[in-house]
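**Student:** Before I ask anything, here is the structure I am working with.
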Amino acid sequence: MTVIITGGKFPTGDIVITRRADAELPRLEAFMGLLRHVSGDWGVLDDHDRKQNEAALEHGFQLFSRYVTPTGTKFYVITEHDRSVTTILLAEEY
């Protein structure tokens, strides 16, 4: 499946999801996390990590978001520093 997201704060590159995340996360939750990530809504992060992401937008570092589904499953969305790939994975896979 190819996903193209326009209007985000940064390019995502290829979008991948780990096998475990694909098996355990509802597709809608994973997709909504991805949309939040590219819009700059970093999810459940402290102020320090939010500021790091804002600096990463300017300086080309890795971008990291953390989300929690309504059932309590924690997952991350990570875009590499060169914006070549964005990965959706479960928290315990990080």
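**Student:** Go through (1) closer than 18 Å to GLY13 by Cβ; (2) surrounded by 14 or more Cβ atoms within 10 Å (Cβ to Cβ); (3) among the hydroxyl-bearing types (Ser, Thr, Tyr) for SER84 and report which single condition fails.
**Tutor:** Condition not satisfied by SER84: (2).
**Student:** Take the residues of region 44-69 that are modelled with pLDDT of 95 or more and assigned to a loop (DSSP other than H, G, I, E, B): which is farthest from MET32 (Cα to Cα)?
**Tutor:** The extreme case among them is PHE61.
**Student:** Continuing with this model, one more query. I'd like the full set of residues that are polar (S, T, N, Q) and under 18 Å from LYS74 (Cβ atoms), limited to region 20-63.
**Tutor:** ASN53
**Student:** Additional query: Restrict the check to region 42-63 and report whether at least one residue is within 17 Å of ILE88 (Cα to Cα), surrounded by 14 or more Cβ atoms within 10 Å (Cβ to Cβ) and touching a residue at least 60 places away in the same chain (Cβ under 8 Å).
**Tutor:** No: zero hits.
**Student:** Suppose the filter is within 17 Å of GLY7 (Cα to Cα), small (Gly, Ala, Ser), surrounded by 16 or more Cβ atoms within 10 Å (Cβ to Cβ) and touching a residue at least 24 places away in the same chain (Cβ under 8 Å); does GLY33 pass it?
**Tutor:** The answer is yes for GLY33.
**Student:** Being under 14 Å from the mean Cα position of the chain (by Cα), farther than 18 Å from TYR94 by Cβ and not β-branched (Val, Ile, Thr) is the filter; apply it to region 1-26 and report the residue that is modelled with the lowest pLDDT.
**Tutor:** GLY8
The values are calculated or read from the model by the stated rules, or taken from the named source; none is laboratory data. Predicted model only: the values in this text are computed from it and were never measured. Note: ideal-geometry Cβ built from the backbone for every residue, glycine included; neighbour counts use all protein chains shown.
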